[in-house]
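Visitor: Below is one structure. I have some questions about it.
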Amino acid sequence: MLWLPEGLTLHDALTQAFAARGARTGAFHLLGGTLAVAAYHVAVPHAGSQRAVEYGEANLIEGGARIVRATGSFGERVGGGPLLHIHASLSDAAGRGHGGHINPELCVVGAGGVRAILMLAVGFHQVADEETGFSLFFPNQGVPHHA
Amino acid sequence: MPDAQLLDIATGRLAAVRLGPNEDLTLGLKKAAAALGFRRALVRSGLGSLLDAALQTGTTATHRLRGPAIEILSMSGEIALEGTEAAGISGVVGDTNGAIWAGLFLVGENPVCVTVEAVLEEILDRPADLLARGRATSPRRDTSRL
């Protein structure tokens, strides 16, 4: 369990936290804390798209947000380098809930930091998936796809 | 106030699993658990998307959400390949407006959209569980050969 420091993007804070523990893959939870910049994506209508779904531009929560809970996977990107997949429930200044696919490059850890639990015993790596048209995380231990 | 009943369990292996398009969330995780040799498992973590979502909400109500993708923001629970002791899988989801909803994922009614990534933790039998089910914890002695 650790604090992600204020001022870093979620991407930098989490990739540095895993790297500091010698881990290139894992899973994690964010238990609480604040985001000075909170940005997330949701699915949008996709007429004409070859893929199952498309995601729109980032929704920015004005004034930042409090993390209620976030769940994430960490692993290697196609072609190398770290990749994060994070979904979160967030609370805005009025107490309204927001949620979606977090943009870790845009989100910035806010005052007081973000509390995180890292799970280092499991991991994922990204694969270009022909079925969905997305590059997706698959488990490292090769558990088959149970279609 | 009644006393809580403590269950004597231990956990074993931890595994990352992935479900693909059109697989049902709960049934897919049960298949994944079976493939791993997990008879029971805790759903420790999970995220991904559903085509549409069906949640048991309140005590008996059903709430349905339409996609094109409903995001699973967090989920947790328990699955079992046999018996009815499992708590099921509950979670928080986000709709296409970014609004959040929560409940128990109804079995067979939550097809995966793009992907689901989850972490399962094996629940192991402890001697007390085995005894409670009437199974012997050690082989019965065969006196005919003594």
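Visitor: Taking 8 Å as the Cα distance limit and 6 or more residues as the minimum spacing, I'd like the relative contact order of segment A:2-139 as a percentage.
Guide: Reported relative contact order: 36 percent.
Visitor: Taking the Cβ of B:Arg64 as the center, what net charge do the other residues with Cβ under 12 Å away carry, scoring Lys and Arg +1 and Asp and Glu -1?
Guide: -2
Visitor: Which whole number gives the average, over all residues in B:48-56, of C-beta atoms from other chains lying within 10 Å of the residue C-beta?
Guide: Other-chain Cβ atoms within 10 Å of each residue's Cβ, averaged: 2.
Visitor: Let me ask something additional. Does segment A:2-139 classify as rounded, prolate or oblate by the C-alpha gyration tensor (a ≥ b ≥ c root eigenvalues; a/c under 1.5 gives rounded; else a/b over b/c gives prolate, otherwise oblate)?
Guide: Taking the square roots of the gyration eigenvalues as a ≥ b ≥ c, segment A:2-139 is oblate.
Visitor: Excluding A:Thr25 itself, calculate the net charge of residues whose Cβ lies under 12 Å from the Cβ of A:Thr25, where each Lys or Arg counts +1 and each Asp or Glu counts -1.
Guide: +1
Visitor: Determine the shielding of peptide B:89-100 by partner chains: average, over its residues, the number of Cβ atoms on other chains within 10 angstrom of each Cβ.
Guide: Per residue, the average neighbour count from other chains is 6.
Visitor: If the only charges are +1 at each Lys and Arg Cβ and -1 at each Asp and Glu Cβ, what is the size of the charge dipole of the protein assembly as shown around the Cα centre, to the nearest 20 debye?
Guide: 940
Visitor: Am I reading the B/A interface right? What is its buried accessible area, both sides, 1.4 Å probe, to the nearest 100 Å²?
Guide: So the total buried area for this chain pair works out to about 3000 Å².
Visitor: State in Å² the accessible area per residue of segment B:12-132; use a 1.4 Å probe, count heavy atoms of protein chains only, and round to the nearest integer.
Guide: 38
Visitor: Could you let me know the centre-to-centre spacing of segment A:24-99 and segment B:56-91, using Cα atoms, in angstrom?
Guide: 21
Visitor: Continuing with the same structure: Explain nothing, just the number: relative contact order of segment A:40-93, from Cα pairs under 8 Å at least 6 residues apart, as a whole percent.
Guide: Worked out over segment A:40-93, it gives 31 percent.
Visitor: Let me know the mean shielding of B:117-124 by other chains, meaning the per-residue number of their Cβ atoms within 10 Å of its Cβ.
Guide: Per residue, the number of nearby Cβ atoms from other chains is 4 on average.
Visitor: Ok, one more. About the Cα centre, and with charges only on the beta carbon of Lys, Arg (+1) and Asp, Glu (-1), how big is the dipole of chain A? Nearest 20 debye, please.
Guide: Around 460 debye, computed over chain A.
Visitor: OK, next. Around A:Thr34, with a cut-off of 9 angstrom between Cβ atoms, what is the net charge of the other residues, counting Lys and Arg +1 and Asp and Glu -1?
Guide: 0
The values are calculated or read from the model by the stated rules, or taken from the named source; none is laboratory data. Treat the numbers as computed from the prediction; the structure is a model and nothing was measured. Cβ sites come from the backbone with ideal geometry, for glycine too, and all protein chains shown count toward neighbours. Accessible surface areas use protein heavy atoms only, side chains included; no ligands, DNA or RNA. Shrake-Rupley method; radii C 1.70, N 1.55, O 1.52, S 1.80 Å.
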